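A short reminder: the numbers here are calculations on the coordinates, not readings from a lab. Computed from a predicted model, the values in this text were never measured in an experiment. Methodologically, a virtual Cβ is constructed for each residue, glycine included, from the backbone with ideal geometry; neighbour enumeration extends over all protein chains shown.
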Amino acid sequence: MPLDRKTDALNSLGFAKPPSETRVVVAMSGGVDSSVVAAKLADEGYDVVGVTLQLYDHGAALAKKGACCAGIDIHDARRVAEEKGFPHYVLDYENIFRDAVIDEFAESYLGGATPVPCIRCNERVKFKDLLQTAKDLDADCMATGHYIQRKLGENGPELHCAADPTRDQSYFLFSTTPEQLDYLRFPLGHLPSKDATRALAAEYGLAVADKPDSQDICFVPDGNYASVIEKLRPGAAEPGEIVHADGRVLGAHEGVIHYTIGQRRGLGIGGLSEPLYVVRLDVDTRRVIVGPKEMLATRIVPVREINWLGDTPFDSEKEWHVAVKVRSTRPPREAIIRPLSPTEAEVELLTPEEGVSPGQACVFYETGGSRILGGGWIWRGR
């Protein structure tokens, strides 16, 4: 059962002591979700400490409205803390964020991959450095506003999808380790909808009740990855050729960073009889390879840096029959995982998927269930 719910012996966070004796650090982005978590726990009598991370220089023009952790969000988080009467701290994680997330994002993108920096941020910043800060503050646990569930299984805490599939954030949290899961709490995961969260915000009298959700990667203005790469690595985008899979040169480009696997629009090679898609990015030769849609279909996916959340060791079985997601917006599809080592595998998709790209995550789910069994990073393979 969820450890976020109250039982006879335990408080609502799963501890056998009164809420007033239970310290919980709440990671506050300034949005409605984490604000509701903090207000809810404060109202329940917990010893709440709010922490907001400053992840980048707000004057450096990479921050923008509609992204998390911007200047206005720090103000909103602080206001919730003041209204509810608990301490709130802003931690400067700019250097950590740049080293752990932004630099790798730039190098990965320049390498022809399509990275997911939000996963790395959870893995390397929020659930690593911030979690350690919570422990340094003598907190019993850390709570976040993520839409995912933590349930107690026979072998300890398990990670499960959110009750509302439209809000589920499991794809972005696959790298949560068992040790981290033991310490984390997700009080919103069982809610039926975002409307329920906003209703709680209104009930607690929070000014952020109607605040829009953040949409984009926090340091990528308007979803324009290439413009950020050009700022981070000036001159790194080199021109090259757009080449058909059959070898024909169809045109020229200003840098592979302007293209992603599966892209059809904006290729600059109009006037052809067949619709063409980006099927491969060859960084070494600076070539963008295009071809018909059927060339995008992928059945075998190499995966590495696997975080396994199953009950027995990952490489204890020759095959795992599971469901996997290769994009956050797609439903899980049936697959077979064949471990090559404790952290590498070959994933066979029983139904080929289009637009599978190195740099994306491949997340494992229990077939027909809600449990997340871990996941890893898609790469080009050996």
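When restricted to Cα atoms, segment 277-324 yields an Rg and a Dmax of 16.5, 44 Å, respectively.
Summarising the strand pairing of segment 237-295, around 70 percent of its internal DSSP beta bridges are antiparallel.
Segment 80-135 to segment 229-259: how many Å between their Cα centroids? A separation of 30 Å, based on Cα centres.
As a proxy for reagent exposure, ranking M295, M142 by other Cβ atoms within 10 Å from fewest up yields M295, M142.
Adding -39500 (n - 2.57) for every DSSP H run of four residues or longer, then dividing by how many residues the chain holds, sets the calculated 222 nm ellipticity at -5000 deg cm²/dmol.
Estimated translational diffusion coefficient (Stokes-Einstein, Kirkwood radius over Cα pairs, 4 °C, 1.567 mPa s) of the chain: 58 µm² per second. Multiplying the residue separation of S20 and E94 by 0.36 nm and removing their Cα-Cα distance gives an extension gain of 23.3 nm. A viscosity of 1.306 mPa s and a temperature of 10 °C, combined with the Kirkwood radius over Cα pairs in Stokes-Einstein, give a translational diffusion coefficient for segment 19-222 of 92 µm²/s. How high is the relative contact order of the chain, given as a whole-number percent (alpha carbon pairs under 8 Å, six or more residues apart)? This gives 15 percent for the chain.
Tally the DSSP beta bridges in the chain and give the antiparallel ones as a percent, rounded to 5. Taking every DSSP beta bridge with both residues in the chain, the antiparallel ones total about 70 percent.
Phi angles across segment 169-183 convert, under the Karplus curve 6.51 cos²θ - 1.76 cosθ + 1.60 with θ = phi - 60°, into 3J(HN,Hα) values of 10, 4, 4, 8, 10, 4, 8, 5, 7, x, 5, 5, 4, 4, 9 Hz, Gly and Pro given as x. The DSSP beta bridges internal to segment 178-327 are antiparallel in roughly 70% of cases. Per-residue Cβ neighbour counts within 10 Å put W379, W320 in the sequence W379, W320, beginning with the fewest. Cross-link check: pairs K151/K194; K84/K231; K231/K293; K17/K151; K151/K231 evaluated at a Cα-Cα cut-off of 31 Å; pairs beyond the cut-off: K84/K231; K231/K293; K151/K231.
Here the spin labels are modelled as points 7 Å beyond Cα on the Cα-Cβ line, and at R330 and D43 they lie 4.1 nm apart.
Label points 7 Å out from Cα along the Cβ direction at D138 and A245: separation in nm? Using points 7 Å along Cα→Cβ, the separation is 6.3 nm.
Could you tell me the center-to-center distance, by alpha carbons, between segment 18-48 and segment 351-382 in angstrom? Rounded to whole Å, the Cα centres lie 33 Å apart.
Taken over segment 297-378, the convex hull of the Cα atoms encloses 78 Å³ per residue. In terms of surrounding Cβ atoms within a 10 Å radius of their Cβ, L184, L272 rank from fewest to most as L272, L184.
Taking 0.36 nm per residue of separation and subtracting the Cα-Cα distance, full extension of the segment from S341 to I72 would add 92.3 nm.
Candidate cross-link partners of K318 among the aspartates and glutamates, defined by an alpha-carbon separation under 14 Å and a same-chain spacing of 8 or more, comprise E344, E346, E348.
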